[in-house]
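Chemist: Here it is, the structure, as structure tokens.
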Amino acid sequence: MTIKGTEGPSQGLDVVRQALKHLSPRTTKRLSEALTLGGAQAAQPIPLYVIGLDEIQDDNFLSAASMAGWRYMLVNDDPVAAADVDVSENNTVGFSRLIHSTHAASLLKASQKADKEYGKAAMEYEPRILEVPSLYLSALWLHGEEDHFFPYASGEAGAMQSMSEDRDFVTKVCKQAENKRQLRDELRLLDDAVARTRTRDPYAGA
């Protein structure tokens, strides 16, 4: 057994190639030419899962994550970029976004570390990407009988320095989500208090 990818949408890579032709030439010309001429290759796509803040309530929150699309790593000697595609309810494949810079590089490094740690493991794992937009968090997720996580982007600062496995990932995400909800609720209460004050005194704060 090993880390075993899943087949992406049959038209996924074609959709990425076509999209690159219509994006800004300054940012995609080199990438489009590399894919066309064979200088760059698209790795097997990784399913992309997303979860909202209010869906993280306990250690079982992963069951609430929903699949949002597929991410293609476009690589040469170094990562060039990552491209996302989504699939509609009627199975239409559409281009979503192109990701440049350190985010793509960090995902590749996380994938390499995961392969080194679990590529020859007795269990079989499916590679996934988990994104928590409200926490600015992205992680490579090896899904199997046991789940393993390699965070590669966290916080507004973006890419992390280390893409090593975080064995406390689930616990940390629960705590971060709890803190974020608490802050959100406090801000809502403050906004409500300000609104009530202005209702009583329309010139307050003017």
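Chemist: Here is a list of conditions, (1) within 30 Å of GLY119 (Cβ to Cβ); (2) modelled with pLDDT of 75 or more; (3) touching a strand residue (DSSP E or B) at 6+ places or on another chain (Cβ under 8 Å), and ALA34 meets all of them except one; can you say which number that is?
Modeler: For ALA34, the failing item is (2).
Chemist: If ALA114 satisfies all but one of (1) over 30 Å from LEU183 (Cα atoms); (2) assigned to a strand (DSSP E or B), what's the number of the condition it fails?
Modeler: Single failed check for ALA114: (2).
Chemist: Let me ask you something else. What do you reckon, is THR92 of a type in the set (Val, Ile, Thr) and free of Cβ contacts under 8 Å to residues at least 12 places away in the same chain?
Modeler: Considered against the rule, which asks whether it is of a type in the set (Val, Ile, Thr) and free of Cβ contacts under 8 Å to residues at least 12 places away in the same chain, THR92 comes out as yes.
Chemist: Among the strands (runs of 3 or more DSSP E) confined wholly to the range 120-206, which include 1 or more residues that are modelled with pLDDT of 85 or more and of a type in the set (Ser, Thr, Tyr)?
Modeler: By residue number, 137-143, 148-154.
Chemist: Farther than 21 Å from LYS4 by Cβ, touching a Cys at 6+ places or on another chain (Cβ under 9 Å) and of a type in the set (Phe, Trp, Tyr) - does that describe any residue in the range 54-61?
Modeler: Yes, some residue in the range 54-61 is farther than 21 Å from LYS4 by Cβ, touching a Cys at 6+ places or on another chain (Cβ under 9 Å) and of a type in the set (Phe, Trp, Tyr).
Every residue, every condition in (1) closer than 21 Å to THR6 by Cα; (2) free of Cβ contacts under 8 Å to residues at least 24 places away in the same chain; (3) surrounded by 19 or more Cβ atoms within 10 Å (Cβ to Cβ), yes or no:
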{"site": "ALA114", "(1), (2), (3)": "yes, no, yes"}
{"site": "GLU117", "(1), (2), (3)": "yes, no, no"}
{"site": "ALA121", "(1), (2), (3)": "yes, no, no"}
{"site": "GLU124", "(1), (2), (3)": "yes, no, no"}
{"site": "LEU130", "(1), (2), (3)": "yes, no, yes"}
{"site": "SER134", "(1), (2), (3)": "no, no, no"}
{"site": "LEU140", "(1), (2), (3)": "yes, no, yes"}
{"site": "GLY155", "(1), (2), (3)": "no, yes, no"}
{"site": "ALA177", "(1), (2), (3)": "no, no, yes"}
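Chemist: Taking only pairs six or more apart or across chains, which ones have beta-carbon atoms under 7 Å, a first residue in the range 1-21 that is part of a helix (DSSP H, G or I), and a second residue that is among the aromatic types (Phe, Trp, Tyr)?
Modeler: Short answer, once both residue conditions are applied: GLY12/TRP70; GLY12/TYR72; LEU13/TYR72; VAL15/PHE95; VAL16/TYR72; VAL16/PHE95; ALA19/PHE95.
Chemist: To continue, here is another question. Return the residues of the range 60-81 that are small (Gly, Ala, Ser), at pLDDT 90 or above and in a strand (DSSP E or B); say none if nothing qualifies.
Modeler: If the condition is that a residue be small (Gly, Ala, Ser), at pLDDT 90 or above and in a strand (DSSP E or B), then SER66, ALA68, GLY69 are the ones that fit.
Chemist: Select, from ALA104, ALA65, the only residue that is under 23 Å from TYR136 (Cβ atoms), without any contact (Cβ under 8 Å) to a residue 60 or more places away in the chain and among the aliphatic types (A, V, I, L, M).
Modeler: ALA104
Chemist: Check the range 145-153 and report whether any residue there is without any contact (Cβ under 8 Å) to a residue 60 or more places away in the chain, buried (at least 16 other Cβ atoms within 10 Å of the Cβ), closer than 19 Å to ALA65 by Cβ and among the hydroxyl-bearing types (Ser, Thr, Tyr).
Modeler: Among the residues of the range 145-153, at least one is without any contact (Cβ under 8 Å) to a residue 60 or more places away in the chain, buried (at least 16 other Cβ atoms within 10 Å of the Cβ), closer than 19 Å to ALA65 by Cβ and among the hydroxyl-bearing types (Ser, Thr, Tyr), which makes the answer yes.
The values are calculated or read from the model by the stated rules, or taken from the named source; none is laboratory data. Computed from a prediction, not measured in an experiment: that's the story for all the values here. Positions of Cβ are generated from backbone atoms using ideal geometry, with glycine treated the same way; all protein chains shown enter the neighbour counts.
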